[in-house]
Amino acid sequence: MNDRLNVRALSKRFATSEGCFDALTDISFRVAPGEFVACVGASGCGKSTLLRIIAGLESLSSGEVLVDDHPILGPDRDRAMVFQDYSLYPWLTVLENIRFSLRLTANRRAHTLGDAHGAAERSMLLLELMGLTHVRDAYPHTLSGGMRQRVAIARALLTKPHILLMDEPFGALDAQTREVMHDLILHLLALERLTILFVTHDVEEAVYLADRVIVLAPGPGHVDSIWPIGQPPALERTQDLKRSPGFLAMEGKILARIRATSGLQSDIAVLHRLTGQIDRRAAS
């Protein structure tokens, strides 16, 4: 089976007024059709930059990114991106936001009336799937954060992209809403057979959702390690899984790897030494 996404020796160098610096270097990995891959790592390791390059929103300096064996040349409907800040249009209703991409394609020569009807039907299906039917005519400012993110995901899925790119989509949500969104994504994964590349700071979230977790390390950003997770199929996962010994062990190993590659381990050691010194002074 061909890879859905193939990242080969990707590097990114930024030029600034103070000189050039490497944000990413020699990034290589593959994602199979229908696979969910999460990227984690300390701040500054280039997770969001990597996602923007794959989306076609940022150029790479060297290497290549292939989608279904074709190099990316910029943004395209085969990739859709969901951001943390929802990026909804406040003057459009929920349904109009979901259907916004129809406006962009309506004047294309290859776009037919049948395409428009099919997309309109799909938008109604996505409304129902996301539990948004009752707010279809509402405006974004009247919705909760979780509902806004559901609208953003539905809009991204309207064109049936080959790859869904998600950049910390649940980072701004409260814990309970985040859990609901986790289970919603797992159901979408099963029903839509999505291929997802997911960036997050939350290791528990990554282990619960992903088939594999990629740990990126900083200085410049590079692949430190890749962890097969081995969780049950998407529809068989429940929140209780997060309390199982195997889950906690995997989460702990990945957290330890992030700490080891980010310098946090040495910072903690310094804190322990300082605490010991304070305790000794207090005892004397």
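Bear in mind that the values in this text are calculations on the coordinates, not laboratory data. Please read these numbers as outputs of a predicted model, since none were measured by experiment. Every residue, glycine among them, receives a Cβ derived from its backbone with ideal geometry; neighbour counts consider all protein chains shown.
Give segment 155-172 a look and list any residue that's buried (at least 19 other Cβ atoms within 10 Å of the Cβ) and either within 15 Å of the chain's Cα centre (by Cα) or within 18 Å of residue 38 (Cβ to Cβ) (or both), or say none.
156, 157, 161, 163, 164, 165, 166, 167, 168, 169, 170
In the list 21, 36, which residue meets the criterion of being among the hydrophobic types (A, V, I, L, M, F, W, C), in contact with a helix residue (DSSP H, G or I) (Cβ under 7 Å, 6 or more places away or on another chain) and touching a residue at least 40 places away in the same chain (Cβ under 8 Å)? Break it down stepwise before answering.
Details: 21 fails: in contact with a helix residue (DSSP H, G or I) (Cβ under 7 Å, 6 or more places away or on another chain).
After applying the criteria, what remains is 36.
Kindly indicate whether residue 151 is closer than 30 Å to residue 42 by Cβ and not in a strand (DSSP E or B).
Considered against the rule, which asks whether it is closer than 30 Å to residue 42 by Cβ and not in a strand (DSSP E or B), residue 151 comes out as no.
With the requirement that a residue be buried (at least 18 other Cβ atoms within 10 Å of the Cβ) and either within 16 Å of residue 34 (Cα to Cα) or out of contact with any helix residue (DSSP H, G or I) (no Cβ under 7 Å at 6 or more places or on another chain) (or both), what does segment 222-237 give you?
Listed by number, the residues that qualify are 222, 223, 229, 231, 234.
Of all residues in segment 65-91 being outside any strand (DSSP E or B) and free of Cβ contacts under 8 Å to residues at least 24 places away in the same chain, which is surrounded by the most Cβ atoms within 10 Å (Cβ to Cβ)? It would help to see each step written out before you state the result.
Taking segment 65-91 first, the residues outside any strand (DSSP E or B) are 68-69, 72-78, 83-91.
The next check asks that each one be free of Cβ contacts under 8 Å to residues at least 24 places away in the same chain; those that pass are 72-76.
On the way: 72: 18, 73: 7, 74: 8, 75: 12, 76: 15.
Per the criteria, the residue is 72.
Out of segment 1-31, which residues are in contact with a Lys or Arg (Cβ under 6 Å, 6 or more places away or on another chain) and of a type in the set (A, V, I, L, M, F, W, C)?
From segment 1-31, those in contact with a Lys or Arg (Cβ under 6 Å, 6 or more places away or on another chain) are 3, 6, 20, 22-24, 28, 31; that's our starting set.
Answer for segment 1-31, where residues must be in contact with a Lys or Arg (Cβ under 6 Å, 6 or more places away or on another chain) and of a type in the set (A, V, I, L, M, F, W, C): 20, 23, 24, 31.
Among (1) free of Cβ contacts under 8 Å to residues at least 40 places away in the same chain; (2) surrounded by 17 or more Cβ atoms within 10 Å (Cβ to Cβ); (3) part of a loop (DSSP other than H, G, I, E, B), there is one condition residue 178 misses while meeting the rest; what is its number?
Failing condition for residue 178: (3).
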